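Remarks on the structure that follows.
Every number in this text was worked out from the coordinates using simple rules, so none of it is lab data. From a predicted model like this one, the values you see are computed outputs, not experimental measurements. In this analysis, Cβ positions are derived from the backbone assuming ideal geometry, glycine residues included, and neighbour counts consider all displayed protein chains.
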Amino acid sequence: MKIAICDDEAAVSDVTKSLLQQWAIHQSISLSVHCYENGDALILAQKSECFDLIFLDVLMPLLNGIDTAKELRRQNQNVPIIFLTSSKEFAFDSYEVKALQYLLKPVSPNQLWSIMNDFIALIKNQKEIFVARTSDGFCKITLEDTNYLEAQNKSVLVFPHNGTSIEIRELFSRCEEIFALEQGFFRCHRSYIINLNFVNQFTKNSVTMTDGTTLPISRNRFLAFKESYFTYMFE
């Protein structure tokens, strides 16, 4: 999980970061936290980074937290935002930019950890989303709607169940970690990862998806594929 903290007070960022790291250790969650001193720095970073959650101070010089959030939303950034504030008077403004929550300063460990537990519960109830790099930015890919993936020379083609293919700039090995068996996927060939939910039929040499696409199965992967398919589909 990648989290950004944007606050002009370094002490607040340090405390919040430390509490988040303590929570992550207790929850056995891999976490990286990036701190920014102003809204402009955060907006610039968000163009190349992909944050799962942002803690954003409301009162900052130059670009305040509310205006920073508005700019993120204007750029079609739907990343969840939690406002850091010393007063509840900004709660109404937080609704305007669809903030997830607001956290009162000084940051309380119990309050922060409770908010993080609620956040984890929220994302577990949502569809699994993979935010992938493209040639001109990022795109969101819904795992359960993905039919299969095909490795190219320096990119990966993602074929949704309904719709046109998307070219992403990701390593195929990285995609294999995301589109894993636990999510209903299997790497049937060095160049293909398939969604087991969309398998229509298969032989020792190939698999036919529900849209009629036929893809190869590597000889040394067939037995593992067969076992994984029946285990996943009938568990």
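Which ordering of Cys50, Cys6 is given by a fewest-first count of other beta-carbon atoms within 10 Å?
On the way: Cys50 14, Cys6 28.
By the 10 Å Cβ count, ascending: Cys50, Cys6.
Along the Cα-to-C-beta direction of Thr210, a point sits 7 Å from the Cα; which residues of region 132-174 have their amide N less than 16 Å from that point?
142-149, 159-163, by backbone N distance to the label point.
Please list the three semi-axes, largest first and in whole Å, of the ellipsoid equivalent to region 158-214, using sqrt of 5 times the eigenvalues of its alpha carbon gyration tensor.
Here the semi-axes work out to 18, 14, 11 Å.
Please work out the Kirkwood hydrodynamic radius for region 2-124, using every pair of different C-alpha atoms, and report it in angstroms with one decimal place. It would help to have the intermediate numbers written out before the result.
Numbers: mean 1/r = 0.0699 Å⁻¹.
When all Cα pairs of region 2-124 are included, the Kirkwood radius is 14.3 Å.
For the pair Gln21/Leu104, report the inter-label distance in nm, with labels modelled 7 Å from Cα in the Cβ direction.
Going by the 7 Å Cα→Cβ label model, 2.8 nm.
In a solvent-free Debye calculation with one equal scatterer on each Cα, what is log10 I(q)/I(0) for region 193-235 at q = 0.22, 0.30 Å⁻¹, listed in the order of the q values?
-0.68, -1.19
As I understand it, the value is the acute angle between the Cα axis of helix 65-74 and the longest principal axis of the Cα atoms of the chain; what does it come to in degrees, rounded to 10?
Between the helix axis and the principal axis of the chain, the angle is about 30 degrees.
Would you tally the net charge around Asn205, using a Cβ to Cβ cut-off of less than 12 Å, leaving Asn205 out, and scoring K and R as +1, D and E as -1? Write out the running numbers ahead of the final one.
On the way: positive: Lys204, Arg219, Arg221; negative: none.
In short, +3.
Step by step: find N for region 95-235, compute 2.2 N^0.38 Å, then divide the Cα radius of gyration by it. What's the final number? List each step's numbers first, then the result.
On the way: Rg = 18.9 Å, N = 141, 2.2 N^0.38 = 14.4 Å.
Compactness ratio reported: 1.31.
For the Cα atoms of the chain, what angle does the longest principal axis make with the long axis of helix 109-124, in degrees from 0 to 90, nearest 10?
Approximately 30 degrees, to the nearest 10.
Taking the alpha-carbon centroid of each part, what is the distance from region 139-214 to region 43-63 in angstrom?
33 Å
How large are Rg and Dmax for region 1-50 when calculated on the C-alpha trace, in angstrom?
11.4, 33
Given N residues in the chain, what is Rg(Cα) / (2.2 N^0.38 Å)?
Working: Rg = 21.2 Å, N = 235, 2.2 N^0.38 = 17.5 Å.
Normalised Cα radius of gyration, the chain: 1.21.
Which distance in nm do the two modelled labels at Val131 and Phe234 give, with both placed 7 Å along the Cα-to-Cβ direction?
Reported label-point gap for Val131 and Phe234 is 4.1 nm.
Please give me the summed charge of the neighbours of Glu170: other residues whose Cβ is under 12 Å from its Cβ, Lys and Arg +1, Asp and Glu -1. Each step should come with its number before you reach the end.
Details: positive: Arg133, Lys154, Arg169, Arg174; negative: Glu167, Glu176, Glu177.
Local charge sum for Glu170: +1.
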